[in-house]
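K.L.:
Got a structure for you, written out below as structure tokens; questions coming shortly.
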Amino acid sequence: MDGGGEASPLHRSAEGSRCNQRTQAAGQCKCSSTKSLTRKNKLQHTETISNSDEAQVFPFAVKDNEVPANYVSVYVMLPLGVISSDNVFENPEELRKLKSAEVDGVMMDVWWGLIESKPRSYDWTAYRKLFQMVKEEGLRLQAIMSFHQCGGNVGDVVYIPIPQWVRDIGGDNPDIFYTNRKGTRNPETSALEWITSLSLVLYSDYMRSFRKAMSDFLEGLITDIEVGLGPAGETRYPSYPETQGWVFPGIGEFQCYDKYLKADFKEAATKAGHPEWELPDDAGEYNDTPEATGFFGANGTYVTEKGKFFLTWYSNKLIKHGDQILDLANQAFLGCKVKLAAKVSGVHWWYKDDSHAAELTTGYYNLKDHDGYRPLARMLSRHYAILNFTCVEMKDSEQPATAKSGPEELVQQVLSGAWREEIEVACENALNRYDKYAYNQMLRNARPNGVNKNGPPKHRITSLTYLRLGDDLLKSSNFSLFKVFVRRMHANLDFNPNPENYFKPIVPLERSKPEFSMEYILKATEPLEPFPFDDETDMPVDGGFAYWIKQVFAKLISLFK
């Protein structure tokens, strides 16, 4: 989920936001001997669970046969308003209640719009108070460098725009913002070509200031730095903005009609020997269906030479953008015991349409014969970054048939591609869910082939971030089931303050590898069969007596094979 806001029903894949140089400027964190956090007042695992069907626990214990490498850490996204729009810490009493669920930590947005009210003038006071409270509660922290706007989506409780002085620049030069074909600007974040100039410096300075101000918290508290690479903190174009009237399951619109990207495309087309090519004018509007457009319809522009050239250019700009900012993040946090991460949006609607229209407008050039996600994973591998993916709680059967959605197949494709590129994967739920079906789907995707009793699973995610902390989650029945979910994500093992000791250790961040050529990155567009996923999790939250009988029966069958 992006840190930028709650989603409307069914659609949003994220609400809305991972050496050659060993010496840094003043304020360098001391990363050579990080001490592990210890949980105070560790709870006994004898929780009182409600008697509802949704909160049954296993009637037997199997942890003696399991190993810590199956333990998947669970973080919880903090409320959007935990730091107010006035950059004031609003003490969240709910934070203290999380300990009883034995979660591993919390995730939070660190809003550019709050911190840098004037150019290169940073106020970290409120965040330092919040970080200190998280530390005192014995939790860990994932921090999002949120260079985007919070607000404008269904369920948003706060409005935090990008800094006013940046918006003032946009007043004089609106082409610094993403622009659709009609010329409508989107001020959620600045557009690619402006980002590649001045914004790169601003983002770098912001992250270096964070490192200096939070150097003591980079000693064991902060485990991940997720770098916002677009709207809602995700690596994408703002192709489906609700503020401009988009509703699910509209195909969205391309966002490359500012003067900078228009000029860049014209230059690229001319170099390719086609100076007559222009940006698409037949791709429809936000709420169209694919077949209603000339671009995405059967035998549409997207399958022509011109269409393929445009889609390659459009998606390559996004990959290059992410690569540049992650390189700056790597330099800013070089040597610190943290992992970098970047979020990729789960655009699951129209996935089962030949055109994959909603993915294409978002910047993911993903078709049956062209993988749009493994190139992103390959780029992330240069920076040792985690790919954070959303919509892992969704099932195809929950989506309207008219949307041709495929969240299950999409998750399987993206996670498989990342594992093939040998990078870590983290996941989030896209929508607020408190039911056993969503929990079981998340568990299935976290360990797609179940628990391995002889060591680490062949495939597993590093961590899951649950959205989000609030009154609904803390309701008695919801919270009881959530505790069971956390326990299952931990593979029925006791709380482990150092799960990285058994899977993917956190080591001092090394300098990014030398820049990959685009040719090398695009070799990853070759479509490959995803890894097999089990139909269901082997550790459901509702595993009562009937589930025990099923497991015993399966064991007996296996003995006679």
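K.L.:
Rg (Å, one decimal) plus Dmax (Å, integer) for the alpha carbons of segment 289-433?
P.N.:
16.2, 52
K.L.:
How do 525-534, 257-266 rank on mean C-beta neighbours within 10 Å, highest first?
P.N.:
Numbers: 525-534: 13.8, 257-266: 18.0.
Going from most to least packed, we get 257-266, 525-534.
K.L.:
Using 22 Å as the Cα-Cα cut-off, could you pick out the over-long pairs in 129/212; 259/368; 97/129; 97/504? Don't skip to the answer; put the middle values down first.
P.N.:
On the way: 129/212 16 Å; 259/368 32 Å; 97/129 18 Å; 97/504 29 Å.
The answer is 259/368; 97/504.
K.L.:
Related question: Considering only protein heavy atoms, what per residue accessible area in square angstrom results for segment 344-419 with a 1.4 angstrom probe?
P.N.:
23 Å²
K.L.:
Quick one: pull the percent of accessible area on segment 162-241 belonging to carbon and sulfur, 1.4 Å probe, ligands and nucleic acids left out.
P.N.:
Carbon-and-sulfur percentage of accessible area, whole number: 50.
K.L.:
Heavy atoms only, probe 1.4 Å: what % of the accessible area of segment 247-406 goes to carbon and sulfur, would you let me know?
P.N.:
That share works out to 51 percent.
K.L.:
To continue, here is another question. Going by average Cβ neighbours within 10 Å, how do the peptides 365-371, 170-176 rank, with the highest at the top?
P.N.:
Per-residue Cβ counts within 10 Å, averaged per peptide and sorted highest first, yield 365-371, 170-176.
K.L.:
Using a basic spin-label model with each label point 7 Å from the Cα along Cα→Cβ, how many nm lie between residue 515 and residue 453?
P.N.:
The modelled label-to-label distance comes out at 5.2 nm.
K.L.:
Please compare each pair in 135/523; 118/337; 308/513; 99/458 to a cut-off of 32 Å on the Cα-Cα distance and tell me which ones are over it.
P.N.:
Details: 135/523 43 Å; 118/337 30 Å; 308/513 30 Å; 99/458 30 Å.
Correct reply: 135/523.
K.L.:
Hey, got a sec? Which GluC sites (Glu not before Pro) in segment 73-134 land in a DSSP loop and have at most 15 other Cβ atoms within 10 Å?
P.N.:
Values: sites: 90, 93, 94, 102, 116; in loops: 90, 93, 102, 116.
Sparse-neighbourhood loop GluC sites (Glu not before Pro): 90, 93.
K.L.:
Starting from the Cα of residue 529, step 7 Å along the direction of its Cβ; do the same at residue 397; then give the gap between the two resulting points in nm.
P.N.:
Result: 2.5 nm between the two label points.
K.L.:
I would also like to ask the following. With point charges of +1 on the Cβ of Lys and Arg and -1 on the Cβ of Asp and Glu, referenced to the Cα centre of segment 92-164, which listed residue (138, 158, 119) lies farthest in the positive direction of the dipole?
P.N.:
Checking the options against the dipole of segment 92-164, the answer is 119.
The values are calculated or read from the model by the stated rules, or taken from the named source; none is laboratory data. Owing to the predicted nature of the structure, the values given are computational and were not obtained by experimental measurement. When we count neighbours, we look across all protein chains shown, and the Cβ atoms used for this are built from the backbone with ideal geometry, even at glycine. Calculation scope for accessible area: heavy atoms of the full protein, side chains included, ligands and nucleic acids excluded. Shrake-Rupley method; radii C 1.70, N 1.55, O 1.52, S 1.80 Å.
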